[in-house]
Structure formats: C-alpha cells, structure tokens
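Input: a single structure, listed below in structure tokens.
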Amino acid sequence: MSALLLPNEILSMSAQAARRLVQAGDGDAALLYLALLEGGGAAEKAREKLGWDRAREERAWQRLAQLELAQPRGPEPASPEPEPAPQRPEYSRKDLADALEREPDFQGLYREVERIVSRPLTDNDLKCLYTIYDYLALPPEVILLLASHVARRERQRKPGGGQRIRLPQIQKEAFRWKRLGVDTVERAEAYLRRQELVDRREWQILSAIGVSTPRPAVEQERAYIERWVELGLSDELIALAYARTVYQKKEMSWPYMNRILLSWHQAGYTTAQQVEREDRPPQRRQAGKKRAGEETFQPSAERIRKNADWLDQFLEQQGEGG
C-alpha cells in the first residue's frame, strides 16, 4: 500500500540538480542535498537528521559546492582556547601583613593554628597558611579541622612530645582535600570519620600482611589500606591475599595484592572459605583435577578383554617352554 502524499510533504527538485547528482554518483552528496531540501536549507537540521560526524558532512558539502548545488563554506571558526589555570601566587611580606591587618577571618585562623601547632608561626608558615586560605579558598572552619587532623596524626605517629608540626605538611594535606572535594564542614567531618576507621584498622592490616614491629603505614601503603577498608574487606581475606601474593611473586607486592583483593570483591567473596572453595590457585586446581581423574578412572571392557587375551597367550607360551 503506497503512502499518502499529504500537503507540505512533497519536496521539489529541479531536473538539472537531479542530473548533476546522478552524474556525480556521490551518495553522501545526494543524501545531504535531500536533507537540506527537507530542512529548508538549514545545515543544523540536516546534520541532526543524518547523524553524521563533522568530517563526513564536510566532504559531502564540498562535493555539493563543486556541483554548484551549495555555497562553498568558509573555514570553521577556531574554538576558543581554554583559559589557563591560575598560577599559584607568591605572597610578599606586605601581602601577609595586609591580610593579618584587614581580614578578621584570617586573623582568627592565624591565632587558632598557632594554638594547634603549639608554637609561633614563621614567615614561611604564614605563606603556607595564606595559600590554603586565599589560593585554595578553603573555609576557615575546614582549615581548622584539617590542621587538627594533621597535628593529631603526627603526634600519634611520633609520640613523646618532641615532634614539630610543620605548616608544609598541613598545606600538602590541604591540596589533597581540595583535589578530593573536601571543601565544606560537612564533607570534612564525613572524611575524618572515614579516616578514624582507617586509623583503627591500619595496624590490624599491617599485622595481617606480616609486619611484626608496630609502625605507621607510609603514604602509598595508607592509600591501599584506605581502599580496602572502604570496600569492607576483612583481615582474614587480606591475610589470604598476602599469602597468595608471596606464593606467586616470592615477595610482598602491594599492587599485585590489591588486584587479588579487587578481583575477590568483584566476585562477591567475603570470607576466606569462599575463596578457598571457589578461587583456588591454578596449581591446586590442576592437582585436584588430576586426583579426581585418578579416582574416577575406569578401564573399558575392550581393554579388559585385550589384557585377558594377552595373559592367556603368555601363560600358554610359558607352558610350552617359550
């Protein structure tokens, strides 16, 4: 059944245009011409209907221009260059003095940070603090949570009261918080709760992987431990992954062990028993198959018959002195 041709649904093409398109034998050019006719000459509508990429549309348009069925296009307007990221400023003594004099929020932050680190701030300390406040634009409340967190962590790692809390350490952590998007009081408090959980698990996990002398995790170790705690992996599972790692690599490898744990997590394993049952090492699987094959091996009836015939023949030869 033919489709009804309703009013305004008929496209008009000159015979000259049709001849040029047929003689050119360019299907893309013909399709683009029809799409332009249907869209009233609007290139955007034609592009939307055809769904072509820019390069294919450009080739078809150039062919139509050669056939004098479309106006030649000028060069594409250059896309605006992205604005360069703001450079980290270098603050002078005057900048810092003006900030302490004219910015009450920074004055209060300065006094509180001195209390947290238990010493007067040097000029370099003041630059670090103002970089966090001005360049990173972290709220003063977030900066105080950050400074308290770094100071507490350093005092736990070096007990005895002789440690010196340095502002570059706080600044380094501030850049990390900014990168992670920890830039509000609510996000900072949630982040610190997660860090407290990691702190409680840190030594347990280090013990599970064979560390015998109590010590804090170094930065790269801490990153892996944070990930494993976030995934909810048990000490038992971590200890098994450590054993697999040492067995395969003959030494401890954090990246290799991490891949093992991630694969177990993706498979849904939550206990060592599940892993032992479902994810045995290749050598053990092959040995298990071999033992199973030995236990289930049954000789065929044909083999039994041939063996019996050979035995009868052997005994007959022995009786004849052969």
inquiry  = Exactly one condition in (1) over 30 Å from residue 129 (Cβ atoms); (2) under 24 Å from the mean Cα position of the chain (by Cα); (3) among the aromatic types (Phe, Trp, Tyr) is false for residue 175; which is it?
reply    = (1)
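Yes or no, residue by residue, for (1) assigned by TED's automatic domain parsing to the domain that holds residue 274; (2) in a loop (DSSP other than H, G, I, E, B); (3) small (Gly, Ala, Ser):
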position: 168; (1), (2), (3): no, no, no
position: 223; (1), (2), (3): yes, no, yes
position: 238; (1), (2), (3): yes, no, no
position: 246; (1), (2), (3): yes, no, no
position: 260; (1), (2), (3): yes, no, no
inquiry  = Condition first: part of a helix (DSSP H, G or I) and surrounded by 11 or more Cβ atoms within 10 Å (Cβ to Cβ). Now tell me which residues in the range 89-110 satisfy that.
reply    = 95, 96, 97, 98, 99, 100, 105, 106, 107, 108, 109, 110
ask   = In the list 208, 151, which residue meets the criterion of being touching a Phe, Trp or Tyr at 6+ places or on another chain (Cβ under 9 Å) and buried (at least 18 other Cβ atoms within 10 Å of the Cβ)?
value = 208
query = Going by the conditions given, is residue 199 outside any helix (DSSP H, G or I) and surrounded by 13 or more Cβ atoms within 10 Å (Cβ to Cβ)?
reply = no
note = Log entry, pairs with first residue in the range 233-244 being over 13 Å from residue 256 (Cβ atoms), second being of a type in the set (S, T, N, Q) and not in a helix (DSSP H, G or I), beta carbons closer than 8 Å, six or more apart or on different chains, reads 234/270; 234/271; 236/271; 237/270; 237/271
key: Single match in 139, 168 (criterion: under 21 Å from residue 120 (Cα atoms), more than 23 Å from the chain's Cα centre (by Cα) and at pLDDT 90 or above)   = 168
inquiry  = I'd like to verify a number: residues in the range 14-49 that are part of a helix (DSSP H, G or I), surrounded by fewer than 12 Cβ atoms within 10 Å (Cβ to Cβ) and more than 46 Å from the chain's Cα centre (by Cα), how many?
reply    = 5
The range 248-258, residues that are within 12 Å of residue 224 (Cα to Cα) and assigned to a loop (DSSP other than H, G, I, E, B) = 253
note = Filtering the range 115-133 for residues that are in contact (Cβ under 8 Å) with a residue 12 or more places away in the chain and assigned to a helix (DSSP H, G or I) leaves a count of 13
remark   = So, first residue at negative phi in the range 174-197, second residue hydroxyl-bearing (Ser, Thr, Tyr) and surrounded by fewer than 16 Cβ atoms within 10 Å (Cβ to Cβ), Cβ within less than 6 Å, six or more apart or across chains; the pairs are none
query = Among the numbered criteria (1) in a helix (DSSP H, G or I); (2) surrounded by fewer than 13 Cβ atoms within 10 Å (Cβ to Cβ), which single criterion is violated by residue 191?
reply = (2)
request  = Return the residue satisfying two criteria in turn: it lies in the range 225-253 and is more than 26 Å from residue 277 (Cβ to Cβ) and either hydrophobic (A, V, I, L, M, F, W, C) or surrounded by 16 or more Cβ atoms within 10 Å (Cβ to Cβ) (or both), and of such residues it is farthest from the chain's Cα centre (by Cα).
outcome  = 225
ask   = Has the range 165-182 got any residue that is surrounded by 15 or more Cβ atoms within 10 Å (Cβ to Cβ), touching a helix residue (DSSP H, G or I) at 6+ places or on another chain (Cβ under 9 Å), of a type in the set (Gly, Ala, Ser) and over 23 Å from residue 136 (Cα atoms)?
value = no
query = Does residue 186 satisfy the criteria of being assigned to a helix (DSSP H, G or I) and exposed (fewer than 13 other Cβ atoms within 10 Å of the Cβ)?
reply = yes
task = Filter the range 255-267 down to residues that are exposed (fewer than 15 other Cβ atoms within 10 Å of the Cβ) and modelled with pLDDT of 90 or more, then give me how many there are.
result = 3
ask   = Just one of the numbered conditions (1) at pLDDT 90 or above; (2) surrounded by 10 or more Cβ atoms within 10 Å (Cβ to Cβ); (3) among the charged types (D, E, K, R); (4) not in a helix (DSSP H, G or I) is not true of residue 280; which one?
value = (1)
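One residue is enough: does the range 130-138 have a residue meeting the conditions of a type in the set (Ser, Thr, Tyr) and assigned by TED's automatic domain parsing to the domain that holds residue 257?
Among the residues of the range 130-138, not one is of a type in the set (Ser, Thr, Tyr) and assigned by TED's automatic domain parsing to the domain that holds residue 257, which makes the answer no.
The values are calculated or read from the model by the stated rules, or taken from the named source; none is laboratory data. These figures come from a predicted structure and were not determined experimentally. Using ideal geometry, Cβ is built from the backbone for each residue, glycine included, and neighbour counts are taken over all protein chains shown.
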